[in-house]
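Have a look at the structure below before the remarks.
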Amino acid sequence: MSPRRNRQRGGAKPAERAAGDRYGLEQTAEWRGEEWVVRHVGGGGAAKHYRCPGCDQEIPPGVPHVVAWPQLGDVDDRRHWHKACWNARDRRSARLQRSRNAPRY
């Protein structure tokens, strides 16, 4: 019986990947008559707590999610969404009212 191979053959090695590939590819999507840049972030790239504008719930570190911002927007316009909330963005409001005591992240 031959020994089992644990390494994959071929393909780019992690050290050879470009820095832009770490967070995934950017795509564009149209929403509310505006072009948005959408980037899928894997669990390893999520290092902070974020607040999803679709459900107003916290996205803890290590959870894969989506980062979206207007194409003509600034860095401050980025919003971190759960993947399911981003897919249902037409059925959800991005302007939820928080209670007076709710934390703002």
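Local charge for Trp31 was computed over the other residues whose Cβ lies under 10 Å away, with Lys and Arg +1 and Asp and Glu -1, and equals -2.
Accessible area per residue (1.4 Å probe, heavy atoms of protein chains only) ranks Lys48, Lys83 as Lys48, Lys83, with the largest value leading.
Debye sum, Cα scatterers, region 41-85, no solvent: what log₁₀ I/I(0) at q = 0.16, 0.17, 0.19, 0.32 1/Å? Debye intensities relative to I(0), on a log10 scale: -0.39, -0.44, -0.54, -1.17.
The values are calculated or read from the model by the stated rules, or taken from the named source; none is laboratory data. Just so it is clear, the model here is predicted, and its values are computed rather than measured. FYI the Cβ positions are ideal-geometry reconstructions off the backbone, even for glycines, and counts take in every protein chain you see. Surface accessibility is based on the protein's heavy atoms, side chains included, excluding ligands, DNA and RNA. Shrake-Rupley method; radii C 1.70, N 1.55, O 1.52, S 1.80 Å.
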